[in-house]
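**Q** What follows is a structure written as structure tokens; I'll ask about it next.
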Amino acid sequence: MHSARRTGWTMAGLLALTACGGGNYRPVSDTPVKLGRPYAVRGITYVPAADPGYDMLGYASWYGSESGNRTANGERFRAKWVTAAHTSLPLPSYVEVTALDSGRTILVRINDRGPFSGRGRIIDLSRGAAEELGVRAQGHVAVRVRIVAPPEKDRERLRHGKPARERPRVPEGTLVNLRAQLQAAGQ
């Protein structure tokens with residue numbers, strides 16, 4: 001029984017990942033919002049869920065060589081667009097990502113699943129999002145990620161691959177506090 005359950009979770013994970021492989025693409029849209037079933041990757045089970053209070057500290061990396069592949073919600077991945085991958089937030093979701101080294105903050109549209117490796121990584125940014133945030137050269141950067149409900153004008157821009165309006169930088173005093181929280185968490 002336990003082996004059958006594990007096999008089922010593994011198959012669900014493989015199906016989730018193969019959805020990223022290409023083929024027919026769905027149009028970029030905010031509907032329907034997808035949660036999906038729990039899935040397992042590399043022995044870790046992820047449970048997609050709505051989390052209106054999502055506010056996490058951790059690390060971001062970026063990806064871009066997959067351009068043209070299908071994202072987990074069926075859209076075509078475009079590396080230059082301001083998008084991201086998250087393991088469990090609804091697809092699509094909008095998040096505010098703040099680089100803790102600079103205080104620069106951007107809005108990002110989540111349309112894919114990941115990251116699946118790396119200690120403390122909570123989001124994978126597209127190359128376009130990494131450039132917009134000013135972290136492409138680092139490859140791995142401390143961030144704060146908060147789910148938000150941006151105005152339709154910003155959503156529209158992101159759905160068409162353009163960055164949302166510029167957001168104010170986070171004050172240094174707040175950044176010091178956030179960095180201390182991240183360090184205290186052992187990350």
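Every read-out reported here was derived from the displayed coordinates using simple, explicitly stated rules and does not represent laboratory data. For clarity, every value in this text was computed on a predicted model and none was experimentally measured. FYI the Cβ positions are ideal-geometry reconstructions off the backbone, even for glycines, and counts take in every protein chain you see.
**Q** Return the single residue from ILE122, ILE44, ILE110 with maximal mean-square fluctuation; model: Gaussian network over the chain, springs between Cα atoms under 10 Å.
**A** Largest GNM mean-square fluctuation: ILE44.
**Q** Here's something else I'd like to know. At q = 0.08, 0.14 Å⁻¹, what is the base-10 log of I(q)/I(0) for the range 2-184 according to the Debye formula with one equal point scatterer per Cα and no solvent? Please give it to two decimals.
**A** -0.24, -0.74
**Q** Give me a comma-separated list of calculated 3J(HN,Hα) values for the range 41-47, in order, Karplus coefficients 6.51, -1.76, 1.60 applied at θ = phi - 60°, integers in Hz, x for any Gly or Pro.
**A** Per-residue couplings from phi come out as 9, 6, x, 10, 9, 10, 10 Hz.
**Q** Another question, then. Any chance you could check the Cα centroid distance between the range 121-165 and the range 168-187 for me, in angstrom?
**A** 19 Å
**Q** In addition: Cut-off under 20 Å on the C-alpha distance; same-chain residues fewer than 8 positions from LYS153 excluded. Which aspartates and glutamates are left, in chain and number order?
**A** Within the straight-line limit of under 20 Å, LYS153 reaches these aspartates and glutamates: ASP30, GLU96, GLU132, GLU166.
**Q** Can I ask one more? Please compute the volume of the convex hull spanned by the alpha-carbon atoms of the range 22-101 and report it per residue in Å³.
**A** 132 Å³
**Q** Can you list the residues, at least 5 places off or on another chain, whose amide H is less than 5 Å from the amide H of ARG70, using H built in the peptide plane?
**A** Those lying under 5 Å, H to H, from ARG70 are GLY21, GLY22, PHE77.
**Q** Report the trypsin sites (Lys or Arg not before Pro) located in the range 89-122 that are in a DSSP loop and have at most 10 other Cβ atoms inside 10 Å of their Cβ, or state none.
**A** The qualifying sites are ARG119.
**Q** Working from Cα positions, state the angle (0 to 90°, nearest 10) between the long axis of helix 172-184 and the longest principal axis of the chain.
**A** For 172-184 against the chain, the angle is about 40 degrees.
**Q** Related question: Pop out the ³J(HN,Hα) list for the range 153-167 in order, Karplus 6.51 cos²θ - 1.76 cosθ + 1.60 with θ = phi - 60°, rounded to Hz; leave Gly and Pro as x.
**A** 4, 6, 4, 4, 4, 5, 5, 9, x, 9, x, 6, 4, 4, 9
**Q** A further question on this structure: Among all the aspartates and glutamates, which ones have a C-alpha under 14 Å from LYS34's C-alpha, if same-chain residues fewer than 8 places away are not counted?
**A** Reachable aspartates and glutamates: ASP51, GLU75, ASP112.
**Q** Okay, moving on. Through the Karplus equation 6.51 cos²θ - 1.76 cosθ + 1.60, θ set to phi - 60°, convert the phi angles of the range 74-83 into ³J(HN,Hα) values in whole Hz; use x for Gly and Pro.
**A** x, 7, 6, 6, 10, 4, 7, 7, 8, 10
**Q** When only Cα pairs under 8 Å and 6 or more residues apart are kept, what is the percent relative contact order across the chain?
**A** 24 percent
**Q** Would you kindly calculate the mean projected area, averaged across all directions, of the convex hull enclosing the Cα atoms of the range 78-187, in square nanometres?
**A** 6.6 nm²
**Q** How much length is gained on full extension from THR174 to ALA149, taking 0.36 nm per residue of separation minus their Cα-Cα distance?
**A** The THR174-ALA149 span can extend by a further 6.8 nm.
**Q** Still on this structure, I have one more. Can you list residues whose amide H is under 5 Å from TYR59's amide H, if they're 5+ apart or on another chain and H is modeled 1.01 Å from N?
**A** Those lying under 5 Å, H to H, from TYR59 are ARG121, ILE122, ILE123, VAL143.
**Q** Also: Would you calculate a helix-derived [θ] at 222 nm for the chain, using -39,500 (n - 2.57) for each DSSP H run of n ≥ 4 and dividing by the full residue count, to the nearest 500?
**A** So the calculated ellipticity at 222 nm is -7500 deg cm²/dmol.
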